[in-house]
1. FRET efficiency for Thr180 and Gln23, Cβ-Cβ distance as r, R0 = 41 Å, nearest 0.05?
2. Working out 0.36 nm times the residue gap between Lys15 and Asp134, then minus their Cα-Cα distance, what length gain in nm do you get to one decimal?
3. Applying 1/(1 + (r/R0)^6) with R0 = 30 Å to the Cβ-Cβ distance of Leu189 and Leu69, what FRET efficiency is obtained, to the nearest 0.05?
4. Compute the accessible area per residue over the chain, keeping the other protein chains in place, probe 1.4 Å, unit Å².
5. With a 1.4 Å probe and every protein chain kept in, tell me what percent of the accessible surface of the chain is carbon plus sulfur.
6. Quote the FRET efficiency, to the nearest 0.05, computed for Ser2 versus Asp99 with a Förster distance R0 of 25 Å and r equal to the Cβ-Cβ distance.
Amino acid sequence: MSVNMTKGQAISLEKKGGGNLTQVRMGLGWQAAPRRGLFGKRTQEIDLDASAVLFADKQPVDVVFFRHLVSDDGSVKHTGDNLVGGAGQGGDDEAVLVDLERVPVHIDQIVFTVNSFTGQTFQEVQNAFCRIVDETTGQELARYTLDGGGNYTAQIMAKVHRVGTGWQMTALGNPANGRTFQDLMPAILPHL
């Protein structure tokens, strides 16, 4: 059973019967919001880009995004760039796979972002979400849905971080402006 998360809420990535999850998928989805035109409603394709920034003691050490699909250590993998969106509340438009057992011990946080490289704002997006899935079973564990759009080009969606010997996910959902993950670094740092 999936948990519908609220901004700032955290959940443990521990299995129901005990033990930690080993492989998770952070899935992201969105749809283009219909716009009124001269001849009725129309939609425009929206190209959002998912990124995962790996941190060690609040310092970025690696990133996975559409131009660097696998982390240097191989523990985090991007499934590829989706140029149009469209999943909305269904499946994932872009996904990042994390093998929690292979993440090097010095990596203590992985922050997931989504941004519009082309500069379209979230006013043009609807049904945006991030969700975490147990990759070994396919079961959705938690989902965070963004409420409404705004005049910003990016979101700091969520983070997965070490807690003791396990991992925890925290929904962040903070709007930001930037076309790339590099542009978002000042907005990410307060969440570490």
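The values are calculated or read from the model by the stated rules, or taken from the named source; none is laboratory data. Bear in mind that the values here come from a model prediction, so they are computed numbers and not experimental data. Cβ sites come from the backbone with ideal geometry, for glycine too, and all protein chains shown count toward neighbours. Ligands, DNA and RNA are stripped out before the accessible areas are found, and what is left, the full protein with its side chains, is counted by its heavy atoms. Shrake-Rupley method; radii C 1.70, N 1.55, O 1.52, S 1.80 Å.
1. Values: r = 27 Å, r/R0 = 0.66.
So, using R0 = 41 Å, E works out to roughly 0.90.
2. Working: separation 119, 0.36 × 119 = 42.84 nm, distance 0.93 nm.
Roughly 41.9 nm would be gained on extension.
3. Details: r = 25 Å, r/R0 = 0.82.
It comes to 0.75.
4. Values: 8980 Å² over 192 residues.
Solvent-accessible surface per residue comes out at 47 Å².
5. Values: 4400 of 8980 Å².
Here it works out to 49 percent.
6. The pair Ser2/Asp99 has a calculated efficiency of 0.70.
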